[in-house]
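Encoded as structure tokens, the structure appears first; notes follow it.
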Amino acid sequence: MPFYTCMRQHGMTVSYGDDRAPHFVEKDSPQYPPAQRACLPLLPSPSPVQASAQDLAAARKASECMRAKGISWYPDPDPVTAEVQQKDGGTSEQWQELKRDHRDAYRACLPRPS
């Protein structure tokens, strides 16, 4: 993996523990932070976590509920992660006003997990 090659090139030693995960021996070294800064761009982007069918259905229902309560701009959830992204609908101002101006809809449609 390019990240670990880069870290080695910056003087870091990689060891593998019982969990078979790589660890850096010099993590407390003053050389570690600059090596990490130099090499972090080489890490691959994390894969999105697949939401369960139940979580996706609940997220879709919550989005429909928000629109039924008058928040017409509220977006559908991502079909993979079930997360609602600000970039998918509404303006920055609308998102900022959501909890303040639509508190009842927010509470009814997006209940907090128990």
Q) For the stretch 2-42, how big is Rg over Rh, using alpha carbon atoms and the Kirkwood form of Rh? A) 0.96
Q. In µm²/s, what is D for the stretch 53-109 at 4 °C and 1.567 mPa s, where D = kT/(6 pi eta Rh) by Stokes-Einstein and Rh is the Kirkwood radius from Cα pairs?
A. 113
**Q.** the stretch 59-114 and the stretch 4-53: distance between their alpha carbon centers, rounded to Å
**A.** 36
Q.
If I model a spin label as a point 7 Å beyond the Cα along the Cα-Cβ vector, how far apart are those points for VAL14 and MET1 in nm?
A. 0.7
Q | Gaussian network model of the chain, Cα within-10 Å springs - most flexible of ARG20, ARG60, ARG37 | A | ARG20
Q: Check cross-link reach from LYS61 to the lysines: straight Cα distance under 16 Å, and skip same-chain residues fewer than eight apart.
A: LYS69
Q | Which labelled figure in (1) 47, 32, 28; (2) 52, 23, 22; (3) 58, 31, 25 is Cα extents along the principal axes in Å, once derived from the coordinates | A | (3)
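Using 0.36 nm times the number of residues separating VAL49 and VAL25, minus their current alpha carbon distance, what extension gain do you get? Before the final figure, lay out the partial values.
On the way: separation 24, 0.36 × 24 = 8.64 nm, distance 2.99 nm.
Once the chain is fully extended between VAL49 and VAL25, it gains 5.6 nm.
As a check on your grasp of the helix formula, calculate [θ] at 222 nm for the chain: sum -39500 (n - 2.57) over DSSP H runs of n ≥ 4, divide by the residue count, round to the nearest 500. Mind dumping the intermediate values first?
On the way: 5 runs with 49 residues, N = 114.
Result for the chain, helices only: -12500 deg cm²/dmol.
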Q: Please give the FRET efficiency for LEU42 paired with TRP95, using the beta carbon to beta carbon distance and R0 = 30 Å, rounded to the nearest 0.05.
A: 0.35
Q: Mind checking which lysines have their Cα closer than 16 Å to the Cα of LYS27? Skip sequence neighbours fewer than 8 apart in that chain.
A: none
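Coordinate-derived values only; no laboratory data. Being a predicted model, the structure only gives us computed values, none of them experimental. A quick note on method: Cβ atoms are made from the backbone with ideal geometry, for glycine too, and the neighbour counts reach across all protein chains shown.
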